[in-house]
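Asker: This structure is in C-alpha cells; I'll ask about it shortly.
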Amino acid sequence: MNPLTSSDTSTPLASARHQLREAIDHLGYDEGTYSILANARRELTVSVPLRRDDGSIETLTGYRVQHNLSRGPAKGGIRYSPMVELDEVRALAMWMTWKCALLRVPYGGAKGGIALDPRQYSVGELERITRRYTSEIAHFIGPDRDIPAPDVGTDEMTMAWMMDTFSVNAGHTVLGVVTGKPLGLGGSRGRASATSHGIGHVSLAALDHVGVARTGATGAVQGFGKVGRGAAVFLADAGVRVVAVSDQYGAIFNSNGLNIAALEQHVDREGTVVGFGESDPMDADALLLLDVTVLVPAAVEGVLTKANAGDVRARAIVEGANGPTTPEADKLLADNGVLVVPDIFANAGGVIVSYFEWIQSSQSYWWSEADVEEKLKERMLHTWEQLRDRAEADGRTLRATATAIAVERVADAHRLRGLYP
Ligand code: NAD
C-alpha cells in the first residue's frame with residue numbers, strides 16, 4: 001500500500017495524511033506539494049542506554065521528528081509513554097506544523113519521545129534517561145533549530161534536565177532550547193496552564209456558537225493530566241457544570257457537577273480521580289457518550305472512532321488531546337451536527353505561551369501573568385473568529401478549514417523560499 005495515496009485512516013499518521021490530502025485537494029495544490037508536506041523533513045531515532053538503580057543496563061528507544069522548517073525553527077513536545085513509536089511521532093509533528101501556522105506562531109512542527117512507562121522508573125532513572133536522550137539529540141535541537149516542550153508523561157522537571165544537559169555541553173546557559181521550564185529557570189508565567197486556558201476560552205466561544213449559556217451548560221473531560229485538569233478547573237470556574245472526568249484508571253460522575261477543587265486535592269493525594277467521595281464511578285468509555293454540552297477529550301489520540309462517534313450526544317467537542325478523533329468519526333459527528341473544535345486550534349494555548357517563553361528567554365525580560373493571559377486569550381479568540389467565519393463561508397468543518405488555512409501558509413512559505421537546489 002502506498003502511504004502517500006492510501007485512504008487508510010487507522011493510525012494517527014494515516015489520519016494526519018488523510019487530513020492533509022483533503023486540504024491539498026481543496027486548495028487545488030499539486031502532488032509535489034502533497035509529497036513535501038506528507039513527509040517529515042528530518043527524523044532521528046536514538047538508543048538511550050540506562051543504568052538502572054539496581055545496576056543493570058536497559059536500552060530504550062527515543063525519537064525526534066522535525067516535520068517542517070519552512071516558517072522557522074521546529075517546535076513540539078517530548079512524550080514519555082509505552083505507546084510512543086515513530087509513526088505516531090511523525091503524525092504529532094505534522095499536527096504541530098499546522099498548529100503553529102494556524103496560530104501564526106513562527107515555528108515549524110516537531111515531536112519527540114521515548115517508548116517507556118515513566119511510572120516504572122525512579123526519579124533518578126528518569127533524570128538519567130532524559131539527560132542521555134538530550135545529549136543524543138543535542139545536535140538536532142537548539143533555540144534556532146528545534147525547541148522541545150513537555151507533553152504526555154513529561155513536565156517542567158524534564159525540561160529543566162534537558163536545558164541543563166544542553167547547556168553543560170554548550171558551555172553556557174541556553175534558556176531558549178526548551179520551553180515549559182520551571183519559573184525559576186526562565187519559564188514563563190502562565191505556561192503551565194496555557195493549554196487548558198486556551199481550551200477554556202475556546203469552549204466558552206463554542207458554547208456561545210451553539211447558543212447555550214455557560215451557566216446552563218454541562219461538561220465532561222477525558223484525561224485529568226496537565227491539560228484535562230486545568231480545563232476542568234477553567235470550565236467549573238466559568239460556571240459550567242462539569243459532571244464527569246476520567247483518567248487512565250477510570251471515570252467518575254456527579255449529575256450536580258463535580259467539586260473540582262475537592263477533586264484536585266483527592267488526585268494530589270491518591271494519584272487518580274477514582275474513588276473521589278462526592279461522585280459515582282462510571283464506565284470510562286461511556287463518558288464520551290454523555291449528554292453534555294461540551295466534551296473535552298484531553299488524554300490520547302484515536303478515542304472517537306467510527307465505532308462510537310455516531311452515539312456522541314455532546315453539542316460541541318473541544319479537542320484538548322492531539323488527534324482524538326479519526327476522520328471517519330469526524331464525518332459521523334459532522335453529519336450529526338456536533339461541532340468539533342479541532343486540536344490544531346483548540347489546544348494551541350501551550351505552543352502560544354511556549355512562543356512567549358522563547359521570546360522572553362531571548363530578551364531576558366519577563367512578562368507579568370496578566371500580560372501572558374491577555375495575549376493568549378486575544379490570540380485564541382482572534383483565530384476562533386477567523387476560523388469560524390471562513391468555515392461558515394466555505395460550508396466546511398472547522399477542522400477542514402483550519403487544516404486548509406495552515407497548509408496554505410506553509411505551502412506559501414515553501415513557494416516563497418523556492419526549492420533548493
Ligand atoms: P498528561 O500525561 O499530563 O495527562 C494525560 C492524562 O490522560 C492522565 O490523566 C492520564 O491518566 C489520562 N489518560 C491516559 N490514557 C487515558 C485513557 N485511555 N482514558 C482516559 N484518560 C487517560 O498529558 P497532557 O500533557 O495532559 O496531554 C494530554 C493530551 O493533550 C495529549 O494528547 C497531548 O499531546 C495533548 N497536548 C498537551 C499539551 C501540553 O501543554 N501539555 C499541549 C497540547 C496538546
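Since every read-out is calculated from the coordinates, none of them should be taken as a lab result. All values derive from a computational prediction rather than experimental measurement. Cβ placement follows ideal geometry from the backbone for every residue including glycine, while neighbour counts extend to all protein chains displayed.
Asker: Can you tell me which of 119-128, 288-297 comes out highest on packing, and rank the rest after it, using the mean Cβ neighbours within 10 Å?
Answerer: 288-297, 119-128
Asker: Could you state the number of Å between the C-alpha centres of the range 259-311 and the range 109-164?
Answerer: Result: 28 Å between the Cα centres.
Asker: Here's another thing I want to ask about it. Would you kindly give the portion of the calculated P(r) for the range 207-341 that falls above 22 Å, as a percent of all Cα pairs?
Answerer: Result for the distance tail: 30 percent.
Asker: Excluding residues fewer than 8 places away in the same chain, name every one of the lysines whose C-alpha is closer than 27 Å to that of K75.
Answerer: K99, K111, K181, K226, K375, K377
Asker: Could I ask something else about it? Could you grab the relative contact order for the chain? Cα pairs under 8 Å, six or more apart, rounded to a whole percent.
Answerer: Relative CO of the chain lands at 16 percent.
Asker: On to the next question. Top mean-square fluctuation among T59, T179, T325, Gaussian network model of the chain, C-alpha springs under 10 Å?
Answerer: It is T59.
Asker: Let me ask something else about it. Could you work out the helix-only [θ] at 222 nm for the chain, with each DSSP H run of four or more residues adding -39,500 (n - 2.57) and the total divided by the number of residues, to the nearest 500 deg cm²/dmol?
Answerer: It lands at -14000 deg cm²/dmol.
Asker: Now, a different point. Scan around V48 for amide H atoms under 5 Å from its own, H built in the peptide plane at 1.01 Å from N, and keep only partners 5 or more places away or cross-chain.
Answerer: L60, T61, G62
Asker: Turning to a different aspect of this structure: Report the relative contact order of the range 267-315, percent, no decimals, based on alpha-carbon pairs under 8 angstrom and at least 6 residues apart.
Answerer: In percent, rounded to a whole number, it is 39.
Asker: Taking the Cα centroid of the range 344-421 and of the range 9-77, what is the distance between the two, rounded to the nearest whole Å?
Answerer: So the separation of the two Cα centres works out to 20 Å.
Asker: Over the range 224-306, calculate the relative contact order: mean separation of alpha carbon pairs under 8 Å at least 6 apart, over the residue count, as a percent.
Answerer: Here the relative contact order equals 31 percent.
Asker: Project the alpha carbons of the range 90-245 onto their principal axes and report the range along each, largest first, in whole Å.
Answerer: Over the range 90-245, Cα extents along the principal axes are 56, 36, 31 Å.
Asker: If packing is taken as the average number of other Cβ atoms within 10 Å across a peptide's residues, how do 205-213, 86-94, 233-241 rank, most packed first?
Answerer: Top of the packing list down: 86-94, 233-241, 205-213.
Asker: Here is a follow-up. Please give the peptides 156-163, 253-260 ranked by average Cβ packing (other Cβ atoms within 10 Å per residue), highest first, as a rough proxy for protection.
Answerer: 156-163, 253-260
Asker: In whole angstrom, how long is each semi-axis of the equivalent ellipsoid of the chain, when you take the square root of 5 times every eigenvalue of its Cα gyration tensor and sort them from largest down?
Answerer: Values: eigenvalues 184, 150, 88 Å².
Working through the eigenvalues yields semi-axes of 30, 27, 21 Å.
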